[in-house]
Amino acid sequence: MNSSRQGYLFAILAIVIFGIQDGISKHLGGLYPPVFITFMRYIAFGAFVLVISARAPGGIREAARTRRPLLQWFRGVLLAVQIIVAIYCFTRVGLIQSQAIFAGAPIFVALLSMPVLGEKVGWRRWLAILIGLAGVMILLDPVRVWAASGTAGWTALLPVLGAFLLAIYGIATRLASQTDSARTSFFYTGVPGVVVMALIGPFFWVWPDPQGWFWIGLLCITGMSSHFLLIKAYAVLDAVAVQPISYLQLVAGGVIGVFVFGEALGLNLIVGALIVVASGVFTVWREHVVSQRRRQQVLAEAREPEISAGPLQP
């Protein structure tokens, strides 16, 4: 099997395991506080990050070296908050609907990239953004949300907050990548969350029964294995190749939601999810095309002085 096929296999396995992890999170969310579950996840994930960082050249000291510490800590803490919101959404709103709305994060990234990163968005991506937002509205089913009274109506909007937090995390990661290596960003994906959860997690501590410990252990194993497989996939594949595969998580979540938790797969969920996925894939692909074109232009401009100077004379 060549490296490209291995990369796709690693990516598919990672995304499917992510879907299983979300299902376990939903199950545990019905038994324990989301902050406690996130605390348990970060204990395992933090250990995983430290082991990976220690084994790389330069060790943990090299991985922790960053030119933008505040930004890296911000994105690390933000990811922990997003996980707490996601677990709450899986439990209160539903696994399928929440995952479908989270899939719209690339659309929010494209929106935020204009004011934050100063990127120019052409009419094609604007159209994809508008269509994607329409898909999110279909998923939300505004009539049902409006009809819901009190807390229930606001709870239905929480997945949008989760998608927005994911988008801010994505923007922060892009900003960090301008000065720091991928290895450093990976280190700060885990460590700030461990520190913050260690401070607030004990206040939400609940002693699980043996069955609860089993599911918590399985949650930690799926979290570490999925990230390990994703790292292996990114070693041989570009992000633009992995992104479309990531939407398989919706399929895994849909199967688990319907057959394990008995969630209803309504027409609005199917149609809305298809629209969000299509617009998200197009947005990511278009960003890749634009960045490649910009890179080629920079290289061409760098070669121009050499060409204009002509051959050197003896």
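The values are calculated or read from the model by the stated rules, or taken from the named source; none is laboratory data. Given the structure is predicted, the values throughout are model-derived calculations rather than measurements. As a convention, Cβ positions derive from the backbone with ideal geometry for all residues, glycine included, and neighbour counts pool all protein chains shown.
For R124, the conditions (1) surrounded by fewer than 19 Cβ atoms within 10 Å (Cβ to Cβ); (2) modelled with pLDDT of 95 or more; (3) in contact with a helix residue (DSSP H, G or I) (Cβ under 9 Å, 6 or more places away or on another chain) all hold with the exception of (2).
For the structure I just gave you, tell me whether Y234 is under 20 Å from L50 (Cβ atoms) and under 15 Å from the mean Cα position of the chain (by Cα). Walk me through how you get there before you give the answer.
Values: under 20 Å from L50 (Cβ atoms): yes; under 15 Å from the mean Cα position of the chain (by Cα): yes.
Yes: the conditions hold for Y234.
Pick from V236, V258: which is of a type in the set (V, I, T), at pLDDT below 95 and more than 25 Å from G58 (Cβ to Cβ)? Walk me through it before giving the result.
Working: V236 fails: more than 25 Å from G58 (Cβ to Cβ).
The unique qualifying residue is V258.
Taking every residue in the range 78-104 that is in contact (Cβ under 8 Å) with a residue 60 or more places away in the chain and pairing it with any residue that is of a type outside the set (G, A, S) and in a loop (DSSP other than H, G, I, E, B), at least 6 positions away or on another chain, the pairs with Cβ-Cβ distances below 6 Å are G94/E263; I96/E263.
Mind telling me which of the residues L175, L219, L157 ends up being modelled with pLDDT under 95, under 23 Å from the mean Cα position of the chain (by Cα) and under 22 Å from H27 (Cα atoms)? It would help to see each step written out before you state the result.
Numbers: L175 fails: under 22 Å from H27 (Cα atoms); L219 fails: modelled with pLDDT under 95.
The conditions single out L157.
Considered as a group, the residues in the range 12-43 that are aromatic (F, W, Y) and assigned to a helix (DSSP H, G or I) include one that is farthest from the chain's Cα centre (by Cα), and that residue is F36. No other residue among S149, S185 is hydroxyl-bearing (S, T, Y) and at pLDDT 90 or above apart from S185. Taken over the range 235-260, the residue count meeting the criterion of being touching a Phe, Trp or Tyr at 6+ places or on another chain (Cβ under 9 Å) and without any contact (Cβ under 8 Å) to a residue 60 or more places away in the chain is 2. Only one of the numbered conditions (1) without any contact (Cβ under 8 Å) to a residue 60 or more places away in the chain; (2) closer than 23 Å to V116 by Cβ; (3) not aliphatic (A, V, I, L, M) is not met by Y188, and that is (1). Being without any contact (Cβ under 8 Å) to a residue 40 or more places away in the chain and among the aromatic types (F, W, Y): is that true of W205 here? No, not satisfied.
In summary, G170 fulfils each of the numbered conditions (1) in contact (Cβ under 8 Å) with a residue 24 or more places away in the chain; (2) farther than 20 Å from F228 by Cα with the single exception of condition (2).
Within the range 10-26, is even one residue buried (at least 19 other Cβ atoms within 10 Å of the Cβ), farther than 19 Å from L229 by Cβ and touching a residue at least 24 places away in the same chain (Cβ under 8 Å)? Taking every residue of the range 10-26 in turn, at least one turns out to be buried (at least 19 other Cβ atoms within 10 Å of the Cβ), farther than 19 Å from L229 by Cβ and touching a residue at least 24 places away in the same chain (Cβ under 8 Å).
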